[in-house]
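Read the structure below first, then the notes.
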Amino acid sequence: MRRSIRTLFTLAAATAATAVVVAAPAAASTDPDPQPLVAGPTVQSWGPHYSSNFRAKAEGTTRVNWNPSHTSNNVRVQGRLYDLDFRTLAQGGKCAFVQIRVHHIYQPNWKWDNGQSYKLCNAGTVKHFTSWNHNVDKVRIRVSQVGQYSDNVVRQGDWHQVNI
């Protein structure tokens with residue numbers, strides 16, 4: 001047999017063997033009755049978000065637990081609020097303030113409900129907060145500053161939508 005013909009037969013045999021090896025795992029992995037994946041809670045990080053003058057900051061996580069048919073859920077928003085305003089009250093110092101708004105499932109897109117709000121009036125410290133909501137598909141957070149003895153919001157940051 002000529003050398004060139006023998007080389008062609010060798011290449012053809014090697015190509016056929018490679019095709020069998022590549023196709024075998026694909027055929028073995030097909031399961032006639034695949035089990036559905038069980039989805040656990042979804043956890044997303046958000047932040048940091050700041051007030052307009054960067055003297056208040058908030059960051060945290062959201063955790064969503066859906067029912068099996070994805071028609072209702074429980075949403076936990078956890079976070080940390082930082083007061084970064086080291087001025088005294090006489091110098092115009094303010095407190096850190098975070099607001100949470102939620103949009104419930106099956107509500108019109110323009111309708112947002114006020115959730116909880118948290119205030120921290122101690123510069124250089126952190127306040128941990130947790131907010132629970134039911135049947136929510138969107139969450140927004142805004143960080144601002146407020147006066148120590150009033151709830152008049154000043155130095156408002158932008159509303160930031162949190163992924164769920």
Response to the item:
Counting only residues that are touching a residue at least 60 places away in the same chain (Cβ under 8 Å) and surrounded by 20 or more Cβ atoms within 10 Å (Cβ to Cβ), the range 126-145 contains a total of 6
Worksheet item: Which residue, of Ala96, Ala123, is surrounded by 17 or more Cβ atoms within 10 Å (Cβ to Cβ) and in a loop (DSSP other than H, G, I, E, B)?
Response: Ala123
Discussion item. When you scan the range 77-84, do you find a residue that is over 16 Å from the mean Cα position of the chain (by Cα), closer than 18 Å to Trp132 by Cα and assigned to a strand (DSSP E or B), even just one?
Written reply: yes
Fill in: Qualifying residue in the range 146-158 (condition: under 30 Å from Gly40 (Cβ atoms) and surrounded by 13 or more Cβ atoms within 10 Å (Cβ to Cβ))
no
Practice prompt. Spot the failing condition for Phe129; the list is (1) in contact with a strand residue (DSSP E or B) (Cβ under 6 Å, 6 or more places away or on another chain); (2) at pLDDT below 95, and only one is missed.
Written response: (2)
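The values are calculated or read from the model by the stated rules, or taken from the named source; none is laboratory data. Owing to the predicted nature of the structure, the values given are computational and were not obtained by experimental measurement. Because the Cβ atoms are built from the backbone with ideal geometry, glycine has one as well, and the counts that use them run over all protein chains shown.
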